[in-house]
Every structure is written in C-alpha cells, then in structure tokens.
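A.B. asks: Below are the structure tokens for one structure; questions will follow.
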Amino acid sequence: MNPDFEDTLGAFKTPNPKSNRLQRRFIHLSSEKSRFRKTVETVLVVHGWETEAKKQPMSLIVLSVRLNCHAANFRIQSARMWFAFYEDDKASPPNTEEAAPEVVTFAPFVEQKITNVTPEVREVTNAFGGKLGPPETFMSGGVEASRAVKSGYTRQHFDRGTADCLVRDDRVYGVNWFCEQNKLTKYGVNPHFHVAVLLKREHTKADNKAISFSGVFDMRIEAGLIHDFNNGIRRAFRLGKPEDEAIYYDPNQSAQTGGFEGVGQELKANVEENNLGKLAGKGGLSRLLDPKQILSGLEPMAPSGADAAQVACK
C-alpha cells in the first residue's frame, strides 16, 4: 500500500553515526523515495555561559526545518514538532551528576502569530413559508406565502503558528511548536523555517566540569488521508516512540555550524558565547533569527540575496 516503506517498521529513521554519537548534523531525514520530504538539520549549537561571570552554563540550539511535498495536488496541511531535553543515558563512563537541561526561552511563536489573512464573505438565506386558505377538510387549494431573510458575514482565514512549553516537575524540559495552513487558500505550511531553544544546565559541583545531555526531536505532519494513515501504522509499530534516535550534546565541544549558504555562520556571528543570557530577554531569540524584524521571528535568517518578504510559516 505504501511504496515509501523502505525502512523497517519500528526502527529509527535517523540514527546517530556509528563513528560519533555526539551532536549529529541531520536530526531527521525522510526516506529517499518519500513523497513527503521532512528534513531537520542542526544549523547552530553554542555551549557557553549566561554572562561573562561564568556562573550559569547555557546552550543555544538552532534547527532548520524543511517540509516539501513531492506529490501532485497534495499539501502539508499542518506540522507539529516536539523538542525535549533529558539526561545522557549513553554516556561512557556514566555521568555521576545530572546536567538538568531546562528551557529558558525559544523561538518562534512565543506568542501566537497569524499571517496571510484572507477574508471570506459568506451569505446565509433563511426561508420561511406556509399555506394560506381554509382547512383541507372543506376545500383544497390555497395560497402559498413565503419570505426569505438574507444575512451575511465575513470570516477570516489565516496561517497560524503557535507554541507552548513541555513541563514536568515544575521544570520546562521542552517545547511544542504547531503551524497550520490557511484553510481557504490551502497553499500548505511554509516549506522552510527555523526553530531555536536556549537552555540552562548544570556543571559538576566538585570541579565545575560540563555534563553531557540529550535532546529528542519528534514531528507529526498532516498531508491527507493516505499519508496520515500510513504514518499511523509506523507510530503503532514504534509504540508511540519518536522516529529518530536522541541527539547527545557535549558542552565541551566548540560551536557547531551547519545549514546551506552559510546560515549557521551568520547566526554564530551574532552570538556571544559568554553572554548567551542576553538572548533570554523579551524578543531576544526572535531578533537573532530575524534581525530585521520583517517577519517577527517566523522566517529566521533568510539567506543573503533571498527575498526578505518571503511568506512566513504557514
């Protein structure tokens, strides 16, 4: 039923390379023949400090998300993404203390964003009718009387982007993003956008050494009945577990950049490794992703030469 089933049901779609389990570049990759392409790539990881006093360790992680539909007359209608952080359960030797990664801020959609507003005018007609004349027991016939009342209203359709926190034990351990297409125009969600998370974490208490931690990224998209049904089969075989292996972050590593056309390097040039805390201010992380504030953090860091007015996340 599904020629895109190249991988074994229940197996990880994107595992860590055998040569190096730490901070892999590609977080999620679709099967090569898949008609619904989902590519999530690391474009920037910076491990540093909240301030130059170097008392609170922090980490900044930025991902590029590409969603492309290679099937005629289909669109990716909505996308939901989770990015959560945990301890490193694969450390060797095992970590003796917890890194306790906690989300400080994220982008985009700290507040709900609506774009591509499209008005739709609707008209409703309510008809009322009846039959005038003597009772039917005496004579048949009569006069039909009716009237119609027309009313109209305008409905707004729009692309919507929103996000909220994942909380456990009074600690924000992750972020849940959601974006959906304008249901009137049905152009699909924006094919390329970035998401970012700023974390605080802990070092060892005795000697102030960095502690590795993990991140788990998961995604669900809606693209039509057949696609959604097949993905439901995959999730059933995985017993609801994420499609991809966890990413393991080592704060001892230098800044990692990626992405095409140097986007990771552009972002890094605007980040102070020992002053990551300033990104936690209101709108700080969104301004990093969209320095000109053209799209309010919806389409971060368009490559140089690209149209700055590109449509935001739909």
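A.B. asks: Would you pull out the residues with amide H under 5 Å of Asn274's amide H, same chain only if 5 or more places away, H placed 1.01 Å from N?
C.D. replies: Trp49
A.B. asks: Here is a follow-up. Could you calculate the contour length gain from Arg80 to Asp207, that is, 0.36 nm times the residue separation minus the distance between their Cα atoms, to one decimal place in nm?
C.D. replies: Values: separation 127, 0.36 × 127 = 45.72 nm, distance 4.02 nm.
That pair, Arg80 and Asp207, stretches by 41.7 nm at full extension.
A.B. asks: Just to check I understand the Karplus step: with θ = phi - 60° and J = 6.51 cos²θ - 1.76 cosθ + 1.60, what whole-Hz values come out for segment 264-273, glycine and proline as x?
C.D. replies: Karplus-based 3J(HN,Hα) across segment 264-273 equals x, 5, 4, 5, 4, 5, 9, 10, 9, 4 Hz.
A.B. asks: Right, another one. How large is the convex hull of the C-alpha atoms of segment 35-110 per residue, in Å³? Intermediate results must be reported in sequence, preceding the final value.
C.D. replies: Details: hull volume 10.5 nm³, N = 76.
Output value, Cα hull per residue: 139 Å³.
A.B. asks: What does the charge add up to near Lys55, with Lys and Arg as +1, Asp and Glu as -1, over the other residues with Cβ less than 14 Å from its Cβ? Before the final figure, lay out each step's value.
C.D. replies: On the way: positive: Lys54, Lys200, Arg201, Lys205; negative: Glu50, Glu52, Glu202.
That sum, taken over residues with Cβ under 14 Å, equals +1.
A.B. asks: Please turn the phi angles of segment 12-21 into ³J(HN,Hα) values with the Karplus equation 6.51 cos²θ - 1.76 cosθ + 1.60 (θ = phi - 60°), one per residue in order, whole Hz, x for glycine and proline.
C.D. replies: These are the phi-based 3J(HN,Hα) values: 5, 5, 10, x, 6, x, 5, 6, 7, 7 Hz.
A.B. asks: According to the Cα gyration tensor, what semi-axes, each the square root of 5 times an eigenvalue, does the equivalent ellipsoid of segment 26-66 have, listed from largest to smallest in whole Å?
C.D. replies: Working: eigenvalues 235, 8, 5 Å².
Square roots of five times the eigenvalues give 34, 7, 5 Å.
A.B. asks: Give me the net charge of Val172's neighbourhood, meaning all other residues with Cβ under 12 Å from the Cβ of Val172; Lys, Arg count +1, Asp, Glu -1. Display every interim value, and only then the final one.
C.D. replies: Details: positive: Arg168, Arg171, Lys200; negative: Glu102, Asp164, Asp169, Asp170.
Taking every other residue near Val172 into account, the sum is -1.
A.B. asks: Hand me the GluC sites (Glu not before Pro) from segment 17-88 located in a DSSP loop with no more than 14 other Cβ atoms within 10 Å, in residue order please.
C.D. replies: Details: sites: Glu32, Glu41, Glu50, Glu52, Glu87; in loops: Glu32, Glu50, Glu52.
Here the GluC sites (Glu not before Pro) that fit, given the DSSP loop and packing criteria, are Glu32, Glu52.
All of the numbers you see were taken from the coordinates with simple rules; none came from a lab. Remember, it's a predicted structure, so these values are computed and weren't measured experimentally. Methodologically, a virtual Cβ is constructed for each residue, glycine included, from the backbone with ideal geometry; neighbour enumeration extends over all protein chains shown.
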